[in-house]
1. Of the residues that sit in the range 124-135 and are touching a residue at least 24 places away in the same chain (Cβ under 8 Å) and not in a strand (DSSP E or B), which one is nearest to E73 (Cα to Cα)?
2. Among the residues of the range 175-193, count how many are surrounded by 14 or more Cβ atoms within 10 Å (Cβ to Cβ) and part of a helix (DSSP H, G or I).
3. Do we find that I113 is modelled with pLDDT of 95 or more and in contact with a helix residue (DSSP H, G or I) (Cβ under 7 Å, 6 or more places away or on another chain) in this structure?
4. I'd like the residue in the range 127-162 that is among the acidic types (D, E) and over 13 Å from L186 (Cβ atoms) and, out of all such residues, is surrounded by the fewest Cβ atoms within 10 Å (Cβ to Cβ).
5. Checking R58 against (1) assigned to a strand (DSSP E or B); (2) of a type in the set (K, R); (3) at pLDDT 85 or above; (4) farther than 21 Å from E154 by Cα, only one condition comes out false. Which one?
6. Quick check on the range 136-159: of everything there that is without any contact (Cβ under 8 Å) to a residue 40 or more places away in the chain and under 10 Å from the mean Cα position of the chain (by Cα), which residue is nearest to R173 (Cα to Cα)?
7. Going by the structure shown, is L71 at pLDDT 95 or above, surrounded by 12 or more Cβ atoms within 10 Å (Cβ to Cβ) and not β-branched (V, I, T)?
8. I'd like the full set of residues that are closer than 21 Å to T54 by Cα and among the basic types (K, R), limited to the range 112-166.
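The values are calculated or read from the model by the stated rules, or taken from the named source; none is laboratory data. Just so it is clear, the model here is predicted, and its values are computed rather than measured. Quick reminder, even Gly has a Cβ in these numbers, built from the backbone with ideal geometry, and neighbours come from all protein chains shown.
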Amino acid sequence: MKGRNKGGYLITKYEPKSFEHLLGTKDLYGEGRLYREGNRPISEGMKEGLMTETLEIREATEGDLPFLLALYEQLHLEKGLGLSLKEARRIFERIRRNPDYRIYIAAADGKIIGTFSLLIMENLAHRGAPMGFVENVVVDMDWRGKGVGRRLMEFGMDRSRGRGCYKVTLSSRLEREVAHRFYESLGFRKHGYSFWVEFAEKKRPKDKVEPLH
């Protein structure tokens, strides 16, 4: 199958000049946690009455991989296409060695219920200010609508702001109008279209990962 151009995604971006205005949060102690009224971390307690359990947001570890793979299966495009655990471990080790690429998870009562990936890209334009890219945002189906996704995105935006990014960007399929409203409620704005070329699927040899170049 030949590659083809597609324009089925919207690019949205968030510019950090208004992070604190919209979020009302600060990373007061340089520990990657957002604080609100009374210096209470949002990872402890409720937000807008939606969360009653303690929510922890942290970097993913190798031990989290089985739960991450299960979450990725809930992505429409991942159905039946997931990695084996052995493949995931090899790839995760490569990700772990990249200081600018991190996978974060949200956990409540010890259960992993959400995740997103954040890539900080260095930049020679915009006076050298880096930019953040958010990908693979998933909240467990049983936990959607309870504020988990909002907290994950706030955390990611705060991390990007702390790294000096001039914007955070993500893409979302055109038909995902509910997701678009969610991102807009966080301060993201529609910015343009993303275009991609889909190559014929290439089967990776079992449990083999090609080296980075």
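1. Filtering the range 124-135 for residues that are touching a residue at least 24 places away in the same chain (Cβ under 8 Å) and not in a strand (DSSP E or B), the one nearest to E73 (Cα to Cα) comes out as P130.
2. Kept after step one, since they are surrounded by 14 or more Cβ atoms within 10 Å (Cβ to Cβ), are these residues of the range 175-193: 176, 179-180, 182-183, 186-188, 191.
When the remaining residues are screened for being part of a helix (DSSP H, G or I), the result is 179-180, 182-183.
So the count comes out to 4.
3. Numbers: modelled with pLDDT of 95 or more: yes; in contact with a helix residue (DSSP H, G or I) (Cβ under 7 Å, 6 or more places away or on another chain): yes.
Yes; evaluated as a whole, the condition is true for this residue.
4. Ranking the qualifying residues of the range 127-162, first place goes to D142.
5. (4)
6. Only one residue tops the list, namely V137.
7. Here the answer is no, as L71 does not meet what is asked.
8. Initially, the range 112-166 is screened for residues closer than 21 Å to T54 by Cα, giving 112-116, 137-159.
Scanning the range 112-166 gives R144, K146, R150, R151, R159.
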